[in-house]
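Worksheet: the structure to be examined is printed underneath.
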């Protein structure tokens, strides 16, 4: 009759399981850190702020910054991260960020995108047609429309009183 030491037996893990466990741990760590790395709370051109820090945002977000695109009374600039997150900032001709749009595999840090309006966003009542996957906030000084589900989030936030003349809100995507 053979006797096995249970402590020895528990320490022997097949090599394939060790590799699988290591990959799973690395993936979990990457997914947990992705929002913090892609949307940190430093250097931002948040809603209502001047556009002077957009280039710093792209560097901080480790994102590729596209050239500004003029649309008459405003300019849009897009940042794309390696993980598929996109942030678009809309700047009036006076140099103020009047709208921010986002899309990607995770919900962005709203404190970063909304800046000084983040607290207002958190305290504002949702419209009656808001659901678990659809968010609508419509206040005189802040409008946020967002949706999200399994690995895809998108939305837009804008300041109604700072919209340039003649702009179609539907174009802010």
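A compact table of results
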{"quantity": "Residue in region 102-121 that is at pLDDT 90 or above, in a strand (DSSP E or B), touching a helix residue (DSSP H, G or I) at 6+ places or on another chain (Cβ under 8 Å) and surrounded by 19 or more Cβ atoms within 10 Å (Cβ to Cβ) present", "calculated": "yes"}
{"quantity": "Every residue from region 122-133 that is more than 27 Å from residue 83 (Cα to Cα) and part of a helix (DSSP H, G or I)", "calculated": "123"}
{"quantity": "Filtered residue count, region 134-158, keeping only those that are in a loop (DSSP other than H, G, I, E, B) and farther than 18 Å from residue 97 by Cβ", "calculated": "3"}
{"quantity": "Residue within region 161-168 that is farther than 19 Å from residue 86 by Cα and in a helix (DSSP H, G or I) present", "calculated": "yes"}
{"quantity": "Residues satisfying the stated conditions in region 128-159, i.e. touching a strand residue (DSSP E or B) at 6+ places or on another chain (Cβ under 7 Å) and exposed (fewer than 14 other Cβ atoms within 10 Å of the Cβ)", "calculated": "129, 133"}
{"quantity": "Subset of region 59-78 that is buried (at least 16 other Cβ atoms within 10 Å of the Cβ) and modelled with pLDDT of 90 or more - its residue that is nearest to residue 153 (Cα to Cα)", "calculated": "78"}
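The values are calculated or read from the model by the stated rules, or taken from the named source; none is laboratory data. The model shown is predicted, which means the values in this text are computed figures rather than measured ones. All Cβ positions, glycine included, derive from the backbone under ideal geometry; neighbour counts span all protein chains shown.
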